[in-house]
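Reading through the C-alpha cells given below for one structure.
The values are calculated or read from the model by the stated rules, or taken from the named source; none is laboratory data. This structure is a prediction, so every number in the text was calculated from the model and none was measured. Here Cβ is always computed from backbone atoms with ideal geometry, including for glycine, and neighbour counts include all displayed protein chains.
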Amino acid sequence: MSPVPSNGKDSATARILGSGTSGIAELFIFHPVDTVAKRLMSNKTSVATTGLNNILFRDAAAASFGRKFLSLFPGLGYAAGYKVAQRVYKFGGQPWFNDLINKHYKTQFTNTFGERKGKLMMQAAAGSLTGIGEVVLLPLDVLKIKRQVNPEAFRGRGVIRIFAEEGTALYRGWGWTMARNAPGSFALFGASAFTKDYVLGVQDYSKATWGQNFVASIAGAVASITVAAPLDVVKTRIQNANFEKKVSGVTVVKDLIKNEGVSAFFKGLTPKILVVGPKLVFSYTLAQSLIPLFAQYV
C-alpha cells in the first residue's frame, strides 16, 4: 500500500485505527490496575479485618503468583470492547465538539472569558459534552465492572443472553455516570489545556511535543480523577450489584456515609491517580503517533 497525499487533516479512518490501537495497548497494560481500583472501591469491609490480599485476589488469594496475576483480568472481553470504543469516541469526539463550539459559540465564550481563557473554556466544555455522551457505552462498562467485582451476577449466561434479558437494566446508574463524566472530562481537558497554555506556553495545542503532552496529561488526569472520585464510587457500587437488585444512588450514598464514613468516597483514589498519569500519557502519545502514520495510507 502506497502513501496517500496529505490534505492537512487526518482521515476519520486514521483516527479510528490510531485511537483504537492505543486503546488495545492500554487495556493489556493497565487492566489489572483498573481491577484493583474497582475492587477497592467496591469493598465494604475494613482492610485490616479482611486483608488486602483477599480483597484484591479473592478466590485466588492463596494461589500462586501466576494465578493471582491472571485473576486481575476478569471481564477482559467486555473491557476490550469498552476501552477501544471509549478511546475512539474520546479522541475523536472531543475535537469534534470543540469544532462545533468554535463554529457556533466562539463569540459568546470570547466575550465572557476573553480570547485566551475562552479557548481554554471551549476545550473544557467540549470535554464535558464528550463525557456526557459516553453514557451510550455504559452497558459495556457495566459488564466489565461486574466481571471484575461480581462475576456471580453472570451465572453462566453469555453476553447476547444478558443483553436480551436485562435490556435497560444495563443502563442502571446512567444519571450518576453522566454526573461523574461531565465534571471529570471538563477537568481533564480543561486542566490539560491550562497546563499547555499557561505553564508550558504552548499556543497551538496540536503542536505540543511528547514531553509537553506528558506533563499536561498528568495534570489533567489527576484533576479529572480527583473531581470525579466520589461519583465514581457511587456509580461503581450501583453497577456491581446483581442484575435483579435495584439500588438507587441515594441509598448507596446514605449507606456509604453511615457505615464507612465520608472518606469512603475516595476509596481506590490512590491507585487510580498513580496509574492514570502514565495510562493517559501512554494512550494519548501512542494515538497521536499512530494517527499520522495511518493517515499516510488511509
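Residue by residue, here is whether (1) loosely packed, with under 13 Cβ neighbours inside 10 Å; (2) modelled with pLDDT under 80; (3) of a type in the set (Ser, Thr, Tyr) holds:
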| residue | (1), (2), (3) |
| --- | --- |
| 176 | no, yes, no |
| 179 | no, no, no |
| 200 | no, no, no |
| 218 | no, no, no |
| 246 | yes, yes, no |
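Of all the numbered requirements in (1) over 23 Å from the mean Cα position of the chain (by Cα); (2) free of Cβ contacts under 8 Å to residues at least 24 places away in the same chain; (3) part of a helix (DSSP H, G or I), residue 116 misses one, and that requirement is (2). When residues in segment 96-111 are screened for being surrounded by 18 or more Cβ atoms within 10 Å (Cβ to Cβ) and within 22 Å of the chain's Cα centre (by Cα), 2 of them pass. Consider segment 129-153 and keep the residues that are within 13 Å of the chain's Cα centre (by Cα) and modelled with pLDDT of 85 or more. The one that is surrounded by the most Cβ atoms within 10 Å (Cβ to Cβ) is 131. The sole residue among 289, 206, 263, 283 that is assigned to a helix (DSSP H, G or I) and either crowded, with 21+ Cβ neighbours inside 10 Å or touching a Leu at 6+ places or on another chain (Cβ under 8 Å) (or both) is 283. Residues in segment 196-221 that are touching a Phe, Trp or Tyr at 6+ places or on another chain (Cβ under 6 Å) and basic (Lys, Arg): 196 alone.
Any chance segment 19-30 includes a residue that's within 30 Å of residue 252 (Cβ to Cβ) and either among the hydrophobic types (A, V, I, L, M, F, W, C) or more than 17 Å from the chain's Cα centre (by Cα) (or both)? For segment 19-30, residues within 30 Å of residue 252 (Cβ to Cβ) and either among the hydrophobic types (A, V, I, L, M, F, W, C) or more than 17 Å from the chain's Cα centre (by Cα) (or both): present. Note on segment 1-98: enclosed helices (runs of 4 or more DSSP H) holding 2 or more residues that are on the phi < 0 side of the Ramachandran plot and at pLDDT 80 or above are 12-42, 52-57, 65-70.
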